[in-house]
Amino acid sequence: MTTLTVEANNLTRIYGGREAVSDVSFTLSKGEVLGFLGPNGAGKSTTMKMITGNLAPSKGSVKICGVDMIENPKEAKALIGYLPETPPLYREFTVDEFLAIAARLHGVSAKHIRAAVQRAKERCGLTEMSKRLIENLSKGYQQRVGIAQAIIHNPMVVILDEPTVGLDPIQIRDIRALIKELGGEHSVILSTHILPEVEMICDHVQIIDKGKLVFNGSIDVLKQQRHGNKLLLGLTNPPSHDVLLKVAGVESVEALPNGLLRVRYAAGKVPAEALVQAAVSKGWGLHQINPDQTSLEDVFVQLTYQDAAA
Amino acid sequence: MILKVARKELKSVFASPMGWVILALLQFGFGTYFLNGVNEYFEVMSGAIRPAERTGVTMFIGQSVFGLASFVMLFSVPLLSMRLISEERRSNTLPFLFSAPLSLTEIVLGKFIGLVAFLSILVAMIAVMLCTLNAWADIDFGYLFSNVLGLWLLVASFSALGLYFSSLTAQPVVAAIITFIALFGLLIVDRFLTGDEASVTNYLSLMHHFQPFARGLIDTADITYFLLFIVTFLTLTVRRLDADRLRG
């Protein structure tokens, strides 16, 4: 139990009679990165606000490292670093001044502030911006300052609401590396719209739709769902489906609108070689064969759609 | 932790030229009144007035300077207090304070103390300016102290009210206007229903409680009034912010 950093139990939030988040429960252990996915308005930000104590849940409880957020908010908040959707920046300060204030308010002791600011700047690539006013920074740099203020006090749990919005591709790569690095010693929760991002950096994934958790599990489960046991086959002179079904391992064949064939096969029996040999010997005119990956988007749509249908 | 928030507020006032400009302009105004007061004192007291009706230099100059100060604060406090919370609301920086290990009371008290600390600089400058009279005359420090205390309590009350109205809206200008109207109303409310010394409006009026200080009388009832006034509005502010957390 000691390794659990975040415990959310039956979190529910009601806005004017409508449940924006209903009955969301999950746990997070030390060193894990949790990706939080969902369409717009699904309740991602609301859930994050509840975890960070910015919003009181209508029902349920949040515990950070065993400290209850509602009963001991100060102790619990000291363990959290939070970057809201819009980075909370005091524009009239310079980067250094702002980060020093953030460190001080988060209880970093006076003699460690300078070192903490320096470290946060280095981690977020802000060292050259020290003396600049936050107001004059570009959006990407402002986003970085937002991340820097969230990690300045070395919190147990870092919660980032869409951290890579507005960054250029290189910055995104850096921030992803940073999040992965943070995941080593802290727990990280991040919400995002960008699905490949989740695949790259998260250990765990949660998909939330209309306030309900529709998927909660390890990223591997999602990846498996994604890869499936399918091949895409492009043939110039395709034989009838029956012929294809006789090839060892093939379970079903489906013609796709773009002229390709989708071949499903039994788990572990990849019929690629057999298909290529058959194609060559029978002159089917093979021009393409590759594993068929359902995009993460499709999985995502499937999961959120299933929920809507249910 | 309260002081850390206060320090942040004070820093943000001086981060832009606004803090300096306000200090300079107001000090210029007070200084002018002070000088005029010194000049006029010699003219008025030079013999035309019977000795029994003469007042001391402290009271003569103090009256004009502190009279101006309480009036000027009516305009400057709303301008300073307006941004305390509404600005944070507008630029979405409240989550920064809410997710830091601070209680709401600490945030509100910190902001209040930050503003009062800034205004105390003004009050202190007035006090020092009047004390310089002591180099040439024997001034009445008791009178001065009572005026400084009164003015300080008055601006602290203004700040508490301003802080509350700032927490109600996301538009600093709206906060400033409402604060100004409310303060103005509270200052002049005793003018409307005069006559009855014990009437409720008299009791509510800020000016009514400030006047004894201006005369040099420190009355615990007036001090209590100002303290209650401050506590009431700070409590209301805490409750307003708490409602944010509860209702979203």
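Rule-based calculations on the coordinates, nothing more; no lab input. A quick note: this is a predicted structure, and the numbers were derived from the prediction, not measured. Positions of Cβ are backbone-derived with ideal geometry, glycine not excepted, and every protein chain shown enters the neighbour counts.
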Taking the Cβ of each residue in A:C124, B:C131 as the centre, tally the other Cβ atoms inside 10 Å and list the residues starting with the fewest. B:C131, A:C124
Please give the Cα centre distance for the range A:101-158 versus the range B:135-154, rounded to the nearest Å. 46 Å
Fewest to most neighbouring Cβ within 10 Å: what's the order for B:S157, A:S138, B:S46, A:S58? B:S46, A:S138, A:S58, B:S157
Can you tell me the 0 to 90 degree angle between the C-alpha axis of helix A:95-105 and the longest principal axis of chain A, rounded to 10? 80 degrees
Can you pick out the pairs among A:K44/A:K121; A:K77/B:K4; A:K59/B:K4 whose Cα atoms lie more than 22 Å from each other? A:K44/A:K121; A:K59/B:K4
Please order A:D168, B:D140 by the number of other Cβ within 10 Å, starting at the fewest. A:D168, B:D140
In a GNM of chain A with a 10 Å cut-off on Cα contacts, which of A:E92, A:E32, A:E197 has the highest mean-square fluctuation? A:E92
Can you give me the angle between helix B:104-131 and the longest principal axis of chain B, using Cα atoms only, in degrees from 0 to 90, rounded to the nearest 10? 20 degrees
Could you tell me how many degrees, from 0 to 90 and to the nearest 10, lie between the Cα long axis of helix B:57-81 and the main elongation axis, the longest principal axis, of the Cα atoms of chain B? 20 degrees
Dipole of chain A, Cα-centred, from +1 at each Lys and Arg C-beta and -1 at each Asp and Glu C-beta, to the nearest 20 debye? 380 debye
Can you list the HN-Hα couplings for the range B:89-97, worked out from phi with the Karplus curve (6.51, -1.76, 1.60; θ = phi - 60°), rounded to whole Hz and with x for Gly and Pro? 5, 5, 9, 6, 9, 4, x, 4, 6
